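**Student:** Got a structure for you, questions after.
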Amino acid sequence: YEFALPQLYGEVAMGNLSVKAGHFYTPIGYEVVTSPDNFFLSRQVTFYNSEPFTHTGALATYKVDDKLTLIGGYELGWDTGFYQYDKGSMGIGGFTYAATEKTTLTYAGGFGNFGWRGEGAINSFILSQKWTDKLMSVHQFDVLNTSGTTVVAGGGNFATNGVAGDSTGLINYLFYEIDSKWKAGARQE
C-alpha cells in the first residue's frame with residue numbers, strides 16, 4: 001500500500017493571469033477525475049484510454065476578455081506524481097471561447113514526451129451548445145498519437161502497458177433539465 005496525492009499545487013494570480021505549479025488535474029477532455037463533478041458514474045472509454053488524469057508542472061491561465069481564455073504550460077509527462085518518469089517533458093496549451101451565451105468551444109492539447117506513454121500529441125476539442133433553457137448537448141473529439149506502442153498479433157497497436165497507443169474518440173452527450181433537482185442525460189461514444 002502507498003499513499004496518493006491527487007492534487008498538491010500552489011496558485012498565484014494577478015489581474016487576468018493565474019499560474020499554478022505542482023501536481024494537478026488535467027484540463028484535457030470533458031469528463032473529469034472526480035466522480036461528483038461528472039453527470040455519469042461510468043466514464044467514456046476515451047477518458048481511460050486516451051487522456052491524462054494529472055500533470056506535474058506549471059500551467060498559466062489568462063483571461064483575454066469575457067469570451068476568450070487561454071492556457072499554456074510545461075509538464076513532466078502524464079500521471080507521474082512529483083517525478084519525471086521516462087524523461088517526460090511536454091507542453092500543454094489550449095483555449096476556451098464563448099462564441100455566444102449558448103455556444104462554447106474548448107480546445108486543450110499536449111505535445112512532447114508524455115513519459116510512460118512515449119512521445120506524441122493529444123488534441124481534445126469540445127463543443128457545448130445550450131439549445132433551450134432545459135436542453136444542452138456536448139460533443140467531444142479527441143485524437144491521440146504516441147510512439148510508446150507495440151504492434152501485437154492481429155494488427156493491434158497497443159502501448160506496452162496494454163493501453164491504446166493511438167486513438168480517436170467522438171463522444172456525444174445530451175442533457176435535459178427536468179427541474180432544479182433532476183436532470184436526464186445520454187452519452188454515445
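The values are calculated or read from the model by the stated rules, or taken from the named source; none is laboratory data. All of these numbers come straight from a predicted model, not from anything done at the bench. We place every Cβ from the backbone using ideal geometry, glycine too, and count neighbours over all the protein chains shown. Side chains are part of the model used for accessible areas, which takes the heavy atoms of the whole protein and leaves out ligands, DNA and RNA. Shrake-Rupley method; radii C 1.70, N 1.55, O 1.52, S 1.80 Å.
**Student:** Per residue of segment 71-86, what does 6.51 cos²θ - 1.76 cosθ + 1.60 with θ = phi - 60° give for ³J(HN,Hα)? Whole Hz please, x for Gly and Pro, Karplus curve as stated.
**Tutor:** 10, x, x, 10, 10, 9, x, 8, 6, 10, x, 8, 8, 9, 5, 6
**Student:** Another question about this same structure. Which is farthest toward the positive dipole end of the chain among GLY185, TRP131, GLY109, measuring Cα position about the Cα centre, with Cβ charges +1 (Lys, Arg) and -1 (Asp, Glu)?
**Tutor:** TRP131
**Student:** Next question, about the same structure. Check GLY88: other-chain or 5+ apart residues with amide H under 5 Å from its amide H, H built from backbone geometry?
**Tutor:** GLY115
**Student:** About the Cα centre of the chain, how large is the charge dipole given +1 on each Lys and Arg Cβ and -1 on each Asp and Glu Cβ? Please answer in debye to the nearest 20.
**Tutor:** Roughly 240 debye for the chain.
**Student:** Additional query: Which one is right for this structure if Rg and Dmax of the Cα atoms in Å is calculated from it: (1) 16.2, 52; (2) 17.6, 55; (3) 20.8, 60?
**Tutor:** Read-out taken from this structure: (2).
**Student:** From the phi angles alone, apply the Karplus equation (6.51, -1.76, 1.60; θ = phi - 60°) to segment 172-189 and give each ³J(HN,Hα) in whole Hz, x where the residue is Gly or Pro.
**Tutor:** With coefficients 6.51, -1.76 and 1.60, one gets 10, 10, 9, 10, 10, 7, 6, 7, 5, 10, 10, 9, 10, x, 9, 10, 10, 10 Hz.
**Student:** Quick check: at a probe of 1.4 Å, how many percent of the accessible area of the chain sits on carbon and sulfur atoms?
**Tutor:** Here it works out to 61 percent.
**Student:** Please work out whether segment 39-98 counts as rounded, prolate or oblate from its C-alpha gyration tensor, where a ≥ b ≥ c are the square roots of the eigenvalues and a/c under 1.5 means rounded, while otherwise a/b larger than b/c means prolate and anything else oblate?
**Tutor:** In terms of gyration-tensor shape, oblate.
**Student:** So what's the net charge close to SER128: Lys and Arg +1, Asp and Glu -1, counting the other residues with Cβ under 12 Å from its Cβ?
**Tutor:** Taking every Cβ under 12 Å from that of SER128, the sum is +1.
**Student:** Could I have the simple spin-label model distance between LEU70 and ALA184, label points 7 Å from Cα toward Cβ, reported in nm to one decimal?
**Tutor:** For the pair LEU70/ALA184, the computed spacing is 4.3 nm.
**Student:** Can you show me the helix-derived [θ] at 222 nm for the chain, built from DSSP H runs with n ≥ 4 at -39,500 (n - 2.57) apiece and divided by the number of residues, rounded to the nearest 500.
**Tutor:** -500 deg cm²/dmol
**Student:** For the charge dipole of the chain, defined by +1 on Lys and Arg C-beta atoms and -1 on Asp and Glu C-beta atoms about the Cα centroid, which residue among THR26, ASN16, GLY57 has the Cα displaced farthest towards the positive pole?
**Tutor:** Towards the positive end, the residue furthest out is ASN16.
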